[in-house]
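**Student:** Below you'll find the structure I mean.
The values are calculated or read from the model by the stated rules, or taken from the named source; none is laboratory data. For clarity, every value in this text was computed on a predicted model and none was experimentally measured. Neighbour counts are summed over all protein chains in view; Cβ atoms, including those assigned to glycine, are modelled from backbone coordinates with ideal geometry. Just the protein is used for accessible areas: all its heavy atoms, side chains included, with ligands, DNA and RNA removed. Shrake-Rupley method; radii C 1.70, N 1.55, O 1.52, S 1.80 Å.
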Amino acid sequence: MRVLITGASGLIGSAVCDALLARGDEVVGLSRDPARAAKTNPTVSWHAWDPTSERPPAAALEGVDGVVHLAGEEINQRLTPEAKARILASRERSTKNLVDALTANTPQPRVLVSQSATGYYGDRGQSVVDESTPAGSDFLADVCVKWEAAAQPATDAGIRLATTRTGLVLDPEGGLLKQLLLPFRLGVGGPLAGGGWYMPWIHRDDEVGLILWALDTDAASGTFNLAAPNPVTNRDFSKALGKALHRPSFAPVPKLAVAALRGREMADAATTSIRALPRRAQDAGYAFRHPEVAGALIDLVG
């Protein structure tokens, strides 16, 4: 299989590249800086792409059977009007440019796995949500709605579309877990803003596993929550991380501390409670390798 990946040099994208290469697939990567990307993974065939201003080059689409779209600007930043505009454009505009290229290409790829996020649901408190739950109303939910809508024309053109609403990917090399490791190892980690809000977490192996499953499975179309089947509160997550590191985990982190670093809106986003379940993937037969947070964290950092 020949697979095109956007965001191929990012945390998730590079792991997907490695998994595809390990099973013998050909991988084409799109990057703003293909020369730099080639230094990290020379086995990938790299092409230059500015996702918000142009379609991918035609050469990158030659012979492609499937596409995994992971490109998007970092969310964890102060949400100024300028940052919001970049975040939205990096998802909505890049998706439109990609899909326009895919639908115009001959032949078309068979499948597009297009990333979204569990932020689609907005803050749901203690309520359980699945893929049938409607969208929330905050900024990040609105971004996800527009992001997903930009991918929809792929379906209209006959390309199988799997939209993956991913949760918080646990990987010690990046993202949330990397940020938490130092304070927890120093014994000053603990629950954020009381810790009563739910985290839609997922182990990196299951994130990659589900993306490849969606790529390979002919029946996988529509939306799928990429989150472990046992979401936990931030308080329980903090306890599990402390136990995995053999360190105390009782130091509370006030929400104001996040607001001081990233602004109030980002602090609200960081503590959004989303008790998301991966019902559609499980109903379709996907078996999670790391369904429980304690075992997942021990595997990653223990």
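**Student:** For Arg55, all conditions in the list (1) open to solvent by 60 Å² or more (accessible area, probe 1.4 Å); (2) under 27 Å from Ala141 (Cβ atoms); (3) not in a helix (DSSP H, G or I) hold save one; what is the number of the exception?
**Tutor:** That leaves (2) as the condition not met.
**Student:** If you check Gly24 against the conditions, is it part of a loop (DSSP other than H, G, I, E, B) and either open to solvent by less than 50 Å² (accessible area, probe 1.4 Å) or free of Cβ contacts under 8 Å to residues at least 60 places away in the same chain (or both)?
**Tutor:** For Gly24, the condition - part of a loop (DSSP other than H, G, I, E, B) and either open to solvent by less than 50 Å² (accessible area, probe 1.4 Å) or free of Cβ contacts under 8 Å to residues at least 60 places away in the same chain (or both) - is met.
**Student:** To continue, here is another question. Any idea how many residues of the range 234-274 are of a type outside the set (Gly, Ala, Ser), farther than 24 Å from Leu79 by Cβ and free of Cβ contacts under 8 Å to residues at least 60 places away in the same chain?
**Tutor:** Selection size over the range 234-274: 5.
**Student:** Moving on. Please go through (1) in contact with a helix residue (DSSP H, G or I) (Cβ under 9 Å, 6 or more places away or on another chain); (2) free of Cβ contacts under 8 Å to residues at least 60 places away in the same chain; (3) assigned to a helix (DSSP H, G or I) for Gly13 and return the number of the only condition it doesn't satisfy.
**Tutor:** (1)
**Student:** Can you pull out the residues in the range 125-140 that are among the acidic types (Asp, Glu) and closer than 20 Å to Ala228 by Cα?
**Tutor:** Hits for the range 125-140 are Asp130, Glu131.
**Student:** Kindly provide the set of residues from the range 285-297 that are surrounded by 15 or more Cβ atoms within 10 Å (Cβ to Cβ) and either of a type in the set (A, V, I, L, M) or touching a residue at least 60 places away in the same chain (Cβ under 8 Å) (or both), ordered by number.
**Tutor:** Residues satisfying the conditions are Tyr286, Phe288, His290, Pro291, Glu292, Val293, Ala294, Ala296, Leu297.
**Student:** To continue, here is another question. Where residues in the range 38-67 are modelled with pLDDT of 95 or more and in contact with a Gly (Cβ under 8 Å, 6 or more places away or on another chain), which of them is nearest to Ile211 (Cα to Cα)?
**Tutor:** Val44
**Student:** Within the range 1-57, how many residues are over 23 Å from Arg86 (Cβ atoms) and of a type in the set (D, E, K, R)?
**Tutor:** 6
**Student:** Still on this structure, please answer the following. What is the residue count in the range 120-144 for residues that are surrounded by fewer than 20 Cβ atoms within 10 Å (Cβ to Cβ) and over 24 Å from Thr52 (Cα atoms)?
**Tutor:** Residues that pass the stated criteria total 13.
**Student:** Could you go through the range 256-275 and let me know if any residue there is open to solvent by less than 10 Å² (accessible area, probe 1.4 Å) and assigned to a helix (DSSP H, G or I).
**Tutor:** yes
**Student:** Going through the range 83-137 one residue at a time, which ones are outside any helix (DSSP H, G or I) and within 15 Å of Val67 (Cα to Cα)? Quick ask: steps written out before the conclusion?
**Tutor:** The first filter runs over the range 83-137 and keeps only residues outside any helix (DSSP H, G or I), leaving 105-117, 122-137.
Within the range 83-137, Asn105, Thr106, Pro107, Gln108, Pro109, Arg110, Val111, Leu112, Val113, Ser114, Gln115, Ser116 meet the criteria.
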